[in-house]
1. Determine the order of Leu206, Leu54 by accessible area, beginning with the largest, at a probe radius of 1.4 Å.
2. Once you put a point 7 Å from the Cα of Val157 and another 7 Å from the Cα of Glu9, both along the Cβ direction, what distance in nm separates them?
3. Where a Cα-Cα gap under 19 Å defines reach, which aspartates and glutamates qualify for Lys215, not counting those fewer than 8 residues away within the same chain?
4. Would you mind putting 38-51, 18-31 in packing order, based on average other-beta-carbon counts within 10 Å, highest first?
5. Enumerate the calculated ³J(HN,Hα) couplings along the stretch 49-56 in order (Karplus 6.51 cos²θ - 1.76 cosθ + 1.60, θ = phi - 60°), each rounded to whole Hz, writing x wherever the residue is Gly or Pro.
6. What order, most packed first, do the peptides 93-99, 194-200, 5-11 have when packing is the mean number of other Cβ atoms within 10 Å of each residue?
7. Label points 7 Å out from Cα along the Cβ direction at Leu210 and Trp141: separation in nm?
8. Given Cα pairs under 8 Å that are at least 6 residues apart, what percent is the relative contact order of the chain?
Amino acid sequence: VQNFSQAKEFRKNYNKHAKQITINNLPEIFVYFPLHLNPELTINTLGGKYSDQLDAIESLSEIIPRDWTIIVKENPKQGPQQRGENFFNRLLSLNNTLYASKETSTYLLLEHCQFTATVTGTVGWESITGLKPTLIFGHAWYRSLPGVVSYREGMTVNEIINTKIDKTKLQEKYNILMSKTHHGVMDSVYTQIYKNYSPQKNVESLYQFLDSFCKNKL
């Protein structure tokens, strides 16, 4: 009964507030902030002090000019969890924020935004590989790469939009980062897409990674 009630409330608020954004009604100047799926490791744990995405959006709202807009796109897989009445009241209390529907094209928003913002989301990686800076609030795996700006109190929006990305340096930094990684599967769900998966080899690979990490050899 509780699940049904929450799903009904989310559907009502989503249908009421979500806007389909197209090329015809894009704000002139905006930041693109796609929401994480809630709950999930990438936000609830790796988000650190910004495990509540609304905290990040509110902080972003404070540093952008008044004539800018934040387009907050709902995650395509999101259900009613953490999307109650209070979520919508708090989000929509920000005058410079638009809540975009799940169907809105992420590529359209990526192309036309001034920069992207996220806690740890993949959009940050997509943004910098498209040579557009991103602002992150959490412990994203790509946070050390060129074009990524970590949020701090007192920063200005110019620090983000003036960030330049050199494609060659980005590739070099990415290669260094990848050289520190190991093959392995952390979630059993992904064994289905791992060719010739071996539980024994996977355990050995994860052990080697953790051993290297603990001995500061990465």
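The values are calculated or read from the model by the stated rules, or taken from the named source; none is laboratory data. For clarity, every value in this text was computed on a predicted model and none was experimentally measured. As a convention, Cβ positions derive from the backbone with ideal geometry for all residues, glycine included, and neighbour counts pool all protein chains shown. Surface accessibility is based on the protein's heavy atoms, side chains included, excluding ligands, DNA and RNA. Shrake-Rupley method; radii C 1.70, N 1.55, O 1.52, S 1.80 Å.
1. Working: Leu206 45, Leu54 10 Å².
From most exposed to least exposed: Leu206, Leu54.
2. Going by the 7 Å Cα→Cβ label model, 3.3 nm.
3. Reachable aspartates and glutamates: Glu204.
4. Details: 38-51: 16.6, 18-31: 14.4.
Answer by packing, highest mean first, reads 38-51, 18-31.
5. Taking θ as phi minus 60°, the curve returns 5, 10, 5, 8, 4, 5, 4, 5 Hz for the stretch 49-56.
6. Per-residue mean Cβ counts within 10 Å order the peptides as 93-99, 5-11, 194-200.
7. Those two pseudo-labels are separated by 1.9 nm.
8. Relative CO of the chain lands at 19 percent.
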